[in-house]
Amino acid sequence: MTDFIQMIADLVRLGLLGDQASIRRLASRLTKASDKQSPDEVRLRELLVPLLSESEPSRSLRRSNDGRTHHISRESPPVDDSSFFPLVHVDEADEAPSPFLPNDVERVVQQVVAERKRPQVLQAAGLEPTRTLLLTGAPGVGKTMTARYLAAQIGWPLFTVDLAALVSSLLGKTGQNLRQALNFGQRNRSVLFLDEFDALAKRRDDDSDVGELKRIVNVLLQEIDRWPPTGLLVAATNHPELLDRAVWRRFERTLSLPLPDLALRHAILIRTLATHNQSLADGDVTTLAIATTGMSGSDIGRLTSEAIRDFVVGNDPHLTPILTARALNYLKRGSEAQRISYAGLANAMLGMTQREIAQHLDVSHVTVGKYIRHWATTNSTSGQDLRPKRKAGAQSNGKKQ
Ligand SMILES: Nc1ncnc2c1ncn2[C@@H]1O[C@H](COP(=O)(O)OP(=O)(O)OP(=O)(O)O)[C@@H](O)[C@H]1O
Ligand SMILES: [Mg+2]
């Protein structure tokens, strides 16, 4: 009873502080701690449970790309019935930046959007729009960004399933939560995003939980199959090899997002610099695009913003050397394949000598010679998308204004 009274006092304290998440957690504990023999406490539980299951209110109106206002997701997202945490987060952003993707991947993304914008064309041909899409690729290549972009372009809310809230310690509960989250996406027109999809599939390796895994896979198989054409399910994973093959086959489209090539790194660098109100001479961006070989879009974003942070608060009048030094440090710690690619591209496109490259990479010029020959035999067509602009270091922009 003392604990119970203490909890009520804590609840009031949290209420005064405006800490909603903690109030929710504590109130949830309060409902569990209540004494089933005490009519007052039973009554308190009856009052609290419905309050807790009401999640954050979602906006019920939204303007889509065609300019019309639609009624959507009047329903609140489902919650885990022991923690009361929402199983789905609702994001109704009207705009999202477009990911830079290779042409073949970009074509599919645009097609998925076009199918939703001109449904009558598909219907006339007796076809249905893409309902399920699986995105695979290394960390930071733009899977989440692509899901957001799809939702914003189509003009639907993005429902992201919260795996941490979904996975329950209670036997049988995870499958039930998953079904609730998926059914919510099926009932409310949306792009439902199952991020870190492998986290569900990975559980196969856990021998103690085979029964639960079977339940989860069965839920996925059933629900993916019956996804309505009025919605879009997007799943993403860094580990496609861990997915159950039957689940994998259920997806109508699978898109593999690669690490960005030279031209895409160039584009990502320009956008990231612009986001921070910076720009560099085109030749410097090319040099950096070469020096960021093997990096993901996310790595490039981080590298650029860290360098800009150093630049704006430091005394160095030029941004380019800070960025180049950071990129080269990354390369030195990276894989040999990255250094080979850097040596080959810097030599072929920037006309850098073996000695200059050796200095950049902290290796002997003999090693650089080997790298360049290796690159020439395996990547002879790489880098043709950007023409050689200048010799490295010949000119530098990015001066402090
Ligand atoms: N292809 C891309 N084009 C433009 N920017 C990108 C691209 N890929 C990544 N980025 C940048 O990196 C950030 C993180 O990318 P994102 O979260 O989409 O990667 P992810 O593939 O979902 O990674 P993870 O597997 O770790 O979830 C993006 O918000 C964006 O700023
Ligand atoms: Mg992601």
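Quick notes on this structure:
- Screening Thr254 with (1) out of contact with any strand residue (DSSP E or B) (no Cβ under 7 Å at 6 or more places or on another chain); (2) touching a residue at least 40 places away in the same chain (Cβ under 8 Å) gives one miss only, at (1).
- The set of residues in the stretch 100-133 that are within 21 Å of Arg250 (Cβ to Cβ) and out of contact with any helix residue (DSSP H, G or I) (no Cβ under 7 Å at 6 or more places or on another chain) comprises Val105, Val108, Gln111, Leu127, Arg131.
- Yes/no for Asp244 being surrounded by fewer than 19 Cβ atoms within 10 Å (Cβ to Cβ), more than 29 Å from Phe197 (Cα to Cα) and either away from ligand 1 (no atom under 16 Å from the Cβ) or without any contact (Cβ under 8 Å) to a residue 40 or more places away in the chain (or both): no
- Among (1) of a type in the set (S, T, N, Q); (2) touching a residue at least 60 places away in the same chain (Cβ under 8 Å); (3) outside any helix (DSSP H, G or I) - the single one Thr286 does not satisfy: (3)
- Matching entry among Thr237, Thr287 (being surrounded by 17 or more Cβ atoms within 10 Å (Cβ to Cβ) and over 23 Å from the mean Cα position of the chain (by Cα)): Thr287
- Scanning the stretch 252-277 for residues that are crowded, with 21+ Cβ neighbours inside 10 Å and part of a loop (DSSP other than H, G, I, E, B) yields Leu257, Pro260.
- Only one of the listed residues (Ser305, Ser296) is in contact (Cβ under 8 Å) with a residue 24 or more places away in the chain and either in the same structural domain as Phe184 (by TED's automatic domain parsing) or over 27 Å from Ile154 (Cβ atoms) (or both). That residue is Ser305.
- Of the residues making up the stretch 111-139, those that are surrounded by fewer than 19 Cβ atoms within 10 Å (Cβ to Cβ) and within 16 Å of ligand 2 (Cβ to nearest atom) number 2.
- Top-ranked residue in the stretch 94-121 [being part of a loop (DSSP other than H, G, I, E, B) and over 16 Å from Leu257 (Cα atoms); ranked as farthest from ligand 1 (Cβ to nearest atom)]: Arg118
The values are calculated or read from the model by the stated rules, or taken from the named source; none is laboratory data. Just so it is clear, the structure is predicted and the values come from calculations on it, not from any experiment. Note: ideal-geometry Cβ built from the backbone for every residue, glycine included; neighbour counts use all protein chains shown.
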